[in-house]
Amino acid sequence: MGRKYADDARRPSVWDVDALRRSMDALQVSWSHSVHLLGYLARHPEVAAWDDVAWGDLRSSPPRRFKEAVAANFSARSVDLVSRHDSSDGSTSKLVVGLRCGKKVETVVMRHGTLRSSRVTVCVSSQVGCAMRCSFCATGTMGMQGDLTRGEIVEQVLLAKRVDGRLRNVVFMGMGEPLNNYDEVLGACRCLLDDRWLALGGGRVTISTVGVVDRIRSLAADEPRANLALSLHAPTQDQRVAIMPAAKRYDLDDLLDALDAYVAEKLRELERRGSRKRRNDEKQPLIMVEYILLGGVNDSVADADALGKLFSRAGAAPRFGGRAMVNLIAYNPTPDLPYDRPSDAAVAAFQKAVQAHGVLTCVRITMGSDVAGACGQLLKDTRAPDVEDAVRARPGGKSPRPRARAAPAPRAAASARRGPGGRRRGARVAGLGFGVAAYLAAPGGF
Ligand code: SF4
């Protein structure tokens with residue numbers, strides 16, 4: 001039987017909701033049909049083409065011109081699942097996702113907890129590559145190659161939902177700096193949070209940033225339902241600049257002021273929503289601070305002390321109302337990047353020194369490093385056809401090593417301190433982003 005609707009992946013995603021709305025307004029078709037169609041697609045992530053839609057199951061009966069216009073102008077799915085890589089322990093699945101432009105990004109599905117009460121989190125990419133060039137991050141080596149549309153971001157979540165229907169949380173901690181693609185990330189967040197569609201409200205969507213100050217200031221007002229995670233990674237401006245070149249643009253004091261403003265707006269929003277319990281529960285963090293421990297670079301007890309002072313809950317007016325949680329992430333070694341993983345003992349000593357200031361901390365679980373799905377390992381470019389290649393390129397692997405890049409930052413001096421030993425969860429799916437591990441380490445997320 002012939003196809004009723006011709007699909008063309010070059011058309012924008014139907015989740016590009018603003019474009020959909022403009023199209024329906026031009027046709028003078030009620031918006032409610034679009035709302036019901038998107039609700040149907042959110043419940044049926046298996047739909048890949050318009051002919052897969054059971055139109056009779058929609059909660060309204062859209063007119064024929066609605067169906068024809070939607071099918072003629074939008075894609076039911078604009079991204080493809082190119083390949084899937086599961087970690088040996090089943091905790092992590094890395095999805096290589098093909099975009100309309102021909103480039104690829106990575107999405108990571110993480111399962112944590114017991115089999116019965118498993119919490120499933122998806123880490124989505126917001127850009128192809130990244131302009132921020134953090135020296136410890138594989139994605140940063142790609143440079144900036146493009147922004148994803150809101151539709152391409154939402155569709156990553158739908159692909160993940162197909163892989164594991166228990167999906168509960170979404171974190172923007174994959175490839176890219178989400179706040180550098182602000183409008184599209186915000187648009188995607190609204191689709192994810194909308195009760196009629198993905199219904200991931202209640203603190204289940206988290207945006208991570210290395211610190212784009214003006215956007216942090218606007219985020220709490222623009223989308224207060226999303227959580228914020230800050231990738232800090234060093235307790236002083238000089239140390240930040242040394243490992244994160246983008247930090248030159250954003251002074252640490254300005255960044256902390258912006259976070260104070262963000263938390264103040266969050267507290268006002270909780271008050272407006274009547275969420276007194278969350279507003280007043282001092283043990284409930286309102287900001288997550290991510291800190292990657294690079295062996296011999298930023299993991300000394302003096303660094304921990306400086307970090308603890310920044311986020312101390314003591315005093316009459318502690319930063320962020322004392323509502324920050326610091327997540328410590330032991331670095332996931334990545335080929336060609338000049339850093340080492342600190343020992344377990346160094347991580348424990350660091351945590352103890354931060355906690356001495358009364359700061360909430362946790363140490364994240366590493367997941368997905370065997371599939372290069374762990375923090376900072378996401379990489380997709382022309383020199384490595386698949387992240388898997390980068391993983392195999394390690395000594396003893398079968399593929400040639402990727403071309404070396406210039407050392408971007410002070411070289412880690414602690415090669416002798418590599419790894420705490422033992423197999424990490426999920427190793428061989430090539431890397432969850434740094435923030436993801438931090439998110440997973442937080443009890444219940446936010
Ligand atoms: S850590 Fe995040 S912001 Fe930094 S280069 Fe990697 S993807 Fe970009």
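Taking other C-beta atoms within 10 Å as the exposure proxy, Met110, Met132 rank Met132, Met110 from fewest upward.
Between Gln28 and Glu46, what is 0.36 nm times their sequence separation minus the Cα-Cα distance? Round to one decimal in nm.
Here the segment from Gln28 to Glu46 would lengthen by 3.5 nm.
Take the Cβ atoms of Trp55 and Arg268, set R0 to 41 Å, and the FRET efficiency comes out at 0.40. In the frame of its principal axes, the range 271-335 has Cα extents of 48, 29, 14 Å, reported largest first. Annotation for the range 1-77 versus the range 129-205: alpha-carbon center distance of 22 Å.
Its residues counted as N, the range 150-216 yields a C-alpha radius of gyration over 2.2 N^0.38 Å of 1.09. In whole percents, the pair-distance distribution calculated for the range 84-206 from its alpha-carbon pairs, binned every 5 Å from zero, is 2, 11, 22, 23, 19, 14, 6, 2, 0.
The fewest-to-most ranking of Glu152, Glu46 by surrounding Cβ atoms within 10 Å reads Glu46, Glu152.
Residue separation times 0.36 nm, minus the C-alpha to C-alpha distance between Arg10 and Glu282: what's the value?
Separation in residues times 0.36 nm, less the Cα-Cα distance, equals 93.1 nm.
Sorting Trp50, Trp31 from the fewest to the most surrounding beta carbons within 10 angstrom yields Trp31, Trp50. What pairs in Lys4/Lys94; Lys283/Lys309; Lys103/Lys248 have C-alpha atoms more than 26 Å from each other? Correct reply: Lys4/Lys94; Lys103/Lys248. Dipole of the range 193-249 computed with +1 at Lys/Arg Cβ and -1 at Asp/Glu Cβ about the Cα centre; of Ser231, Ser208, Leu193, farthest Cα towards the positive end is Ser231.
Can you give the translational diffusion coefficient of the range 107-169 in µm²/s, computed by Stokes-Einstein from the Kirkwood radius over Cα pairs at 4 °C and 1.567 mPa s?
On the way: Rh = 13.0 Å.
Reported coefficient: 99 µm²/s.
Over the Cα atoms of the range 186-345, Rg to Rh with Kirkwood Rh, two decimal places?
0.99
Its alpha carbons give the range 201-259 an Rg and a Dmax of 12.2, 37 Å.
Each reported figure results from applying straightforward, stated rules to the coordinates on display, with no laboratory input. Quick caveat: nothing in here was measured; it's all calculated off a predicted structure. We place every Cβ from the backbone using ideal geometry, glycine too, and count neighbours over all the protein chains shown.
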